[in-house]
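> Here it is, the structure, as structure tokens.
The values are calculated or read from the model by the stated rules, or taken from the named source; none is laboratory data. If you're wondering where the values come from, they're calculated on a predicted model, not measured in any experiment. So basically every Cβ, Gly included, is an ideal-geometry build from the backbone, and we count neighbours across all protein chains shown. Just the protein is used for accessible areas: all its heavy atoms, side chains included, with ligands, DNA and RNA removed. Shrake-Rupley method; radii C 1.70, N 1.55, O 1.52, S 1.80 Å.
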Amino acid sequence: MSRRSARTSALMRGGRTFADAFLIRNHVLVYAVGICPIIAAGIKLSYGLLLAVATALILIPIHLIMSLIGSRLTAWLRPLISVGIGTLILTGLGWVVYRFISPDLFTKLYVFFPLIAVSALVTNRAGVSSGPTAFGEATLDTVGSALGFGLVICVVSFVREIIIYGTILDRPVNAPFTSPVAALPFFAFILLGLLAAFVRSLFSWNGGDRKE
Amino acid sequence: MTVSFTALLLCLVSAAFTQNLVFTTGFGSSELMRVTRQRHGFSLYCAILTVFSLLNVLIVFFVMRWSGASPVARIFRPLTAIASAMVLYLIAILLVPANRNAVFNRIHRLLPSAAFNSIVIGFPLFIERQAITDAATALVTVLGCCAGFYIFGILLAEIARLMDHPDIPQAFRGTPAMLLVLGILAMALGGITPPIVLL
């Protein structure tokens, strides 16, 4: 195989890995992983954006660190290390949000930071990859997962904010109606179920749900 | 402040059913969907989850009482909940070494996901948000929550089998249908008692 076609094939493989993790086999919609913050906190787009950033901020560094040292750790130590690193990062993020962004936002959302740190989305990603190709694809997979989670939480938060408050990012919009009922967890569960079915129908996935 | 036995019993029942954390806040919903698919070891998983939840809420409850409600204490609250869970996990790893016998092996495999379950981590922060001020109520509430997790897990395991039925449209089979079922259950339970407001 020539170098050019090898590069093209690697790019296509990488693109497919990213698309799989981002949308086609989005972990939230396919395996219902990490849905707790979406259900409880996804009622405003600003909350969704903050939690999406928090997830990306811990998922990507943990993947990079565990790729370097994960193979040297025993199996029972890996979740401990990944949760510990995630917690330290989120404590720092909490301080930044409290000091520089909005103390009110931190007060509302600090309950969910540790839930993101222990989410299966994070601990299941704390795997080991060996070799540059595996590392590259695993990195794309991790970035795709982080962005995929962000996409889902932002879509759910966007819809719920419009229905609950008639606003987007606290700016009023001409919503045809508002209803506080959308703030309840059942609405988020149903919205997630419909989103999951929609994405599945788009890609006509026949694999069935993987048991984790 | 002493709490009567009747109040504690009502607390236990409401935490198990009408105000179950899974359906009122979404805590533990991912783990519930995951373990109901696995079917084997669910009872053992719930037992380990209950032990971790009780111990973690006890530790964090007293740390919260000692540290107070200042902004600095609040910033470190999530760290406290997780640090306590990590210590408990380490102790459990030392007490239940792998490769000793079949039971220890099963427990060892379930330890990470039980120790770092969002109920274990989120509940101590939830009790602060709900202003639960005595340890007995906190312990009974978490016991009820874990009992409800077990009962609804058994129910959902049966429902999960039905959600793979060929009569269900392909797009809804499996996870989408389970999410809709959870939504309908949450709607039904939300109609019985006022919802818990976290935000």
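> What number of residues within region B:163-182 satisfy the criterion of being over 18 Å from residue A:190 (Cβ atoms) and either assigned to a helix (DSSP H, G or I) or more than 8 Å from chain A (Cβ to nearest Cβ) (or both)? If you could, list the steps in order and put the result at the bottom.
Taking region B:163-182 first, the residues over 18 Å from residue A:190 (Cβ atoms) are B:164-167, B:170.
Applying the additional criterion that residues be either assigned to a helix (DSSP H, G or I) or more than 8 Å from chain A (Cβ to nearest Cβ) (or both) yields B:165-167, B:170.
Selection size over region B:163-182: 4.
> Still on this structure, please answer the following. Give the residues of region A:176-191 that are closer than 15 Å to residue A:161 by Cα, at the interface with chain B (Cβ under 8 Å from one of its Cβ atoms) and open to solvent by less than 10 Å² (accessible area, probe 1.4 Å), sorted by residue number.
A:188
> Which residues, taken from region B:72-111, are in contact with a His (Cβ under 8 Å, 6 or more places away or on another chain) and either free of Cβ contacts under 8 Å to residues at least 12 places away in the same chain or open to solvent by 40 Å² or more (accessible area, probe 1.4 Å) (or both)? If you could, list the steps in order and put the result at the bottom.
Here is the first cut: in region B:72-111, the residues in contact with a His (Cβ under 8 Å, 6 or more places away or on another chain) are B:93, B:96-98.
Scanning region B:72-111 gives B:97, B:98.
> Let me ask something else about it. Step by step: first the residues of region B:73-97, then only those that are more than 20 Å from residue B:127 (Cβ to Cβ) and β-branched (Val, Ile, Thr), then the one that is nearest to the other protein chains (Cβ to nearest Cβ). Which residue is that?
Kept after step one, since they are more than 20 Å from residue B:127 (Cβ to Cβ), are these residues of region B:73-97: B:89-97.
In the following step, the residues that additionally are β-branched (Val, Ile, Thr) were identified as B:91, B:93, B:96.
Working: B:91: 12, B:93: 5, B:96: 10 Å.
Ranking the qualifying residues of region B:73-97, first place goes to B:93.
> Here is a check on your reading of the model: is residue A:50 closer than 14 Å to residue A:143 by Cα, without any contact (Cβ under 8 Å) to a residue 60 or more places away in the chain, assigned to a helix (DSSP H, G or I) and not basic (Lys, Arg)? Before the answer, list the steps.
Numbers: closer than 14 Å to residue A:143 by Cα: no; without any contact (Cβ under 8 Å) to a residue 60 or more places away in the chain: yes; assigned to a helix (DSSP H, G or I): yes; not basic (Lys, Arg): yes.
For residue A:50, the condition - closer than 14 Å to residue A:143 by Cα, without any contact (Cβ under 8 Å) to a residue 60 or more places away in the chain, assigned to a helix (DSSP H, G or I) and not basic (Lys, Arg) - is not met.
> Out of everything in region A:45-60 that is open to solvent by 40 Å² or more (accessible area, probe 1.4 Å) and of a type outside the set (Val, Ile, Thr), what residue ends up being farthest from residue A:89 (Cα to Cα)? Spell out how you get there, then give the answer.
Within region A:45-60, the subset open to solvent by 40 Å² or more (accessible area, probe 1.4 Å) is A:49, A:53, A:57, A:60.
Those left that are additionally of a type outside the set (Val, Ile, Thr): A:49, A:57.
Values: A:49: 17, A:57: 8 Å.
Among residues in region A:45-60 that are open to solvent by 40 Å² or more (accessible area, probe 1.4 Å) and of a type outside the set (Val, Ile, Thr), the one farthest from residue A:89 (Cα to Cα) is A:49.
Yes/no matrix, rows are residues, columns are (1) open to solvent by 30 Å² or more (accessible area, probe 1.4 Å); (2) more than 12 Å from residue B:144 (Cβ to Cβ); (3) assigned to a helix (DSSP H, G or I):
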residue	(1), (2), (3)
B:8	yes, no, yes
B:12	yes, no, yes
B:27	no, yes, no
B:31	no, yes, yes
B:37	yes, yes, yes
B:47	yes, yes, yes
B:51	yes, yes, yes
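> Now a separate question. For residue A:179, only one of the following conditions fails: (1) over 30 Å from residue A:65 (Cα atoms); (2) under 24 Å from the mean Cα position of the chain (by Cα). What is its number?
For residue A:179, the failing item is (2).
> Let me ask something else about it. Kindly provide the set of residues from region B:133-152 that are surrounded by fewer than 21 Cβ atoms within 10 Å (Cβ to Cβ) and either within 14 Å of chain A (Cβ to nearest Cβ) or in a loop (DSSP other than H, G, I, E, B) (or both), ordered by number.
Within region B:133-152, B:133, B:134 meet the criteria.
> Report those helices (runs of 4 or more DSSP H) wholly inside region A:77-163 carrying at least 2 residues which are at pLDDT 85 or above. Show your work before the answer.
Working: elements: A:77-96, A:103-109, A:113-118, A:120-123.
So the answer is A:77-96, A:103-109.
> I've got another one for you. Could you list, in sequence order, the residues of region B:14-25 that are in a helix (DSSP H, G or I) and open to solvent by 30 Å² or more (accessible area, probe 1.4 Å)?
Step one: of region B:14-25, the residues in a helix (DSSP H, G or I) are B:14-16, B:21-24.
Of everything in region B:14-25, just one residue is in a helix (DSSP H, G or I) and open to solvent by 30 Å² or more (accessible area, probe 1.4 Å), namely B:14.
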